[in-house]
2 protein chains.
Amino acid sequence: MRRGLGFDAVPAADEAIRSAAHRRLDSLTKPPGALGRLEPLAAQVCAVQRTLEPAIVHPAAVVFAADHGVADRGVSAYPRAVTEQMVKNFLGGGAAISVLARLQGIELWIVDAGVDGDCGNHPRLIDAKVRRGTRDFVEQPAMTTEECEQALRRGRAVIDQVIPAGGNTLILGEMGIGNTAAAALLMHGLTGHPLADCVGRGTGLDDEGLERKRSTLAAAARRTLPGEPVELLAEFGGYEIAMLVGALLGAAARRMLIVVDGFTVTVAAALAARIDENVLDYCVFGHCSAEHAHRALLADLEVQPLLDIGMRLGEGSGAAVALSLVRAALGLFTQMATFEGAGVSEKST
Amino acid sequence: MRRGLGFDAVPAADEAIRSAAHRRLDSLTKPPGALGRLEPLAAQVCAVQRTLEPAIVHPAAVVFAADHGVADRGVSAYPRAVTEQMVKNFLGGGAAISVLARLQGIELWIVDAGVDGDCGNHPRLIDAKVRRGTRDFVEQPAMTTEECEQALRRGRAVIDQVIPAGGNTLILGEMGIGNTAAAALLMHGLTGHPLADCVGRGTGLDDEGLERKRSTLAAAARRTLPGEPVELLAEFGGYEIAMLVGALLGAAARRMLIVVDGFTVTVAAALAARIDENVLDYCVFGHCSAEHAHRALLADLEVQPLLDIGMRLGEGSGAAVALSLVRAALGLFTQMATFEGAGVSEKST
């Protein structure tokens, strides 16, 4: 744990409970392992929640939104104004995450981490704005060290503010025109993958736009490329990414289950894990995005996403869809009959 | 359509509605295509239901159960008695499909298609038993032509019996110790893939058991290998597989959405499509099973499964989990705001 950030250390998940969960899974009326990935998923939630009666209680989705100075360089298919417009769409109920949250009984919170605009007032909007967008990281650090640490702490504070006592499941999402550019540089700095392999089309750049994004990010990486995660985050990150890192560290310290969304949130998880490796014990990776570099980053983290259906929207949308698989896993774990209880014969060969 | 079976021809899905659905998807507040596979899925349901206001109404899961003469040759890791025991577990509420049906508001029906035992009486049990298990197909046809045609017709009749007017979504599952052996031979006969590539571990055979299963099926294939689908089905099929084929033909003729489960149900779908190719318009393939040959069969059918999480249980369990993705797709399609309605800027590059 980096000194001075003031984050509680994240406890490891309970491996004894995880083993007991696997023993229980093998007693249920199905061939061993026949529920596939739902089995280790159920066992992970048991290990996180320290119980053999796991449950999703008061699930919340928190979407952090912010703008990026680099967006003015044409690294996104959409204009910068869309960040603010989409915040209003989230709150108005018309965005994908709004719909999915309603469908699945997820409480939705939107955090203005640094939107370059006025998001107004709304009971589901948290004003945690650090600044109206980051600086252009091609020329200077995106944020100061103080802003970065402030964003990390505010990310944790938001979790403490919105998650009620007993709430145990967090879906993390983001919105920020230009943030896959920031995320690509962060992945490059964290993992050492060649920059070109970290850069994708984001919301849908054409070939020319992709080339522009690559050359813009290469210029930024030539300016500096710190190895230390908080310094890297300050150089290239966004306020929403820094708050995601803080939220991950804070929620894991509270032993919450965290359902991670796509590329940008996974980059935040990779940063959080570099600060405190136990964070990953609490993370379920909801899906593999169609954003170019996500698959390689998931492989680096040695984690397997639940869904692989070509989503690339952000907002927490892939994680929200994946929550239904977590619910299925826990329902099966807690409600299926045992061989003994149901009078079913066990394996004979 | 084969003469004499008396099945109504399956109408093609509505391609004009599918195109209109894609246009609507492109007007929603997300980059085009950013919902990945959920987009063509929503458009498919629109084309099936002939509406731009698609919905899942009264979803039902129908699990067909039967025994197989070949099971006495040790081609399964479980004893034959498990078929009957699991039928009772389904009805008692302790099986995976029982739990998933409860969690997702799916009405569950179990069909005794040919169980070698007495399944008793239960309001959710349909007695459609043709015979107490098929004959051993290594030595003789598994069923007579009359039995096969009877099973096909009963499969359709079950759908008409259990699906209320307005019910529009069907999950198909199966239970039958030994039925991946039957399904492997059917796939071999239908597709021409080498038999060894069609044979897998089923519920969990060890290496020795897998070798025994392969050599047993090779002996059966040397006896005969008809090319015509109903003859092939009579030679090697199970009563549950034949009823699945009839259910698929009947439900598609009724324009129902059919969520297909794993390897055995996909073999039934491949047979049904050989009888009437339009059946596939109505099928959503819920998942790719860990059963060895499923991936190749899905590729042959040129379809993509929604989930790929290593499930291999049957019972309709993978399809039931996948229904949550269908619901998400339809919720997003019908409830998301448009760019114009939400005042969000469209793509700029």
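The values are calculated or read from the model by the stated rules, or taken from the named source; none is laboratory data. Just so it is clear, the model here is predicted, and its values are computed rather than measured. FYI the Cβ positions are ideal-geometry reconstructions off the backbone, even for glycines, and counts take in every protein chain you see.
Some notes on this structure:
- Among residues that are part of a loop (DSSP other than H, G, I, E, B), surrounded by 20 or more Cβ atoms within 10 Å (Cβ to Cβ), touching a Pro at 6+ places or on another chain (Cβ under 8 Å) and in contact (Cβ under 8 Å) with a residue 24 or more places away in the chain, B:I177 is included.
- Within region A:1-51, tally of residues that are in contact (Cβ under 8 Å) with a residue 40 or more places away in the chain and of a type in the set (S, T, Y): 2
- Check on A:L330, facing chain B (nearest Cβ under 10 Å), crowded, with 24+ Cβ neighbours inside 10 Å, over 23 Å from A:G246 (Cβ atoms) and out of contact with any Leu (no Cβ under 7 Å at 6 or more places or on another chain): no
- Of the residues in region A:253-273, at least one is closer than 13 Å to A:V303 by Cβ and polar (S, T, N, Q).
- Restricting attention to region B:275-322, the residues that are closer than 28 Å to B:S76 by Cβ, within 11 Å of chain A (Cβ to nearest Cβ) and touching a strand residue (DSSP E or B) at 6+ places or on another chain (Cβ under 8 Å) total 15.
- Any hit, region A:325-347, residues being over 30 Å from A:T29 (Cα atoms) and part of a loop (DSSP other than H, G, I, E, B): no
- In region B:19-63, the residue that is surrounded by the fewest Cβ atoms within 10 Å (Cβ to Cβ) out of those that are among the polar types (S, T, N, Q) and in a helix (DSSP H, G or I) is B:S19.
- In region A:18-60, the residue that is nearest to the other protein chains (Cβ to nearest Cβ) out of those that are more than 29 Å from B:S289 (Cβ to Cβ) and aliphatic (A, V, I, L, M) is A:V57.
- When residues in region B:64-108 are screened for being outside any helix (DSSP H, G or I), more than 14 Å from chain A (Cβ to nearest Cβ) and surrounded by fewer than 24 Cβ atoms within 10 Å (Cβ to Cβ), 1 of them pass.
- The sole residue among A:L225, A:L217, A:L233 that is in contact with a Gly (Cβ under 6 Å, 6 or more places away or on another chain) and either closer than 16 Å to A:V267 by Cβ or within 14 Å of another protein chain (Cβ to nearest Cβ) (or both) is A:L225.
- Single condition A:A342 does not satisfy, out of (1) touching a residue at least 40 places away in the same chain (Cβ under 8 Å); (2) surrounded by 24 or more Cβ atoms within 10 Å (Cβ to Cβ); (3) aliphatic (A, V, I, L, M); (4) within 14 Å of another protein chain (Cβ to nearest Cβ): (2)
- Annotation for region B:253-275: no member residue is in contact with a helix residue (DSSP H, G or I) (Cβ under 9 Å, 6 or more places away or on another chain), free of Cβ contacts under 8 Å to residues at least 40 places away in the same chain and assigned to a loop (DSSP other than H, G, I, E, B).
- Residue check, B:A296 among the aliphatic types (A, V, I, L, M), under 22 Å from B:A60 (Cβ atoms), at pLDDT 95 or above and not in a loop (DSSP other than H, G, I, E, B): no
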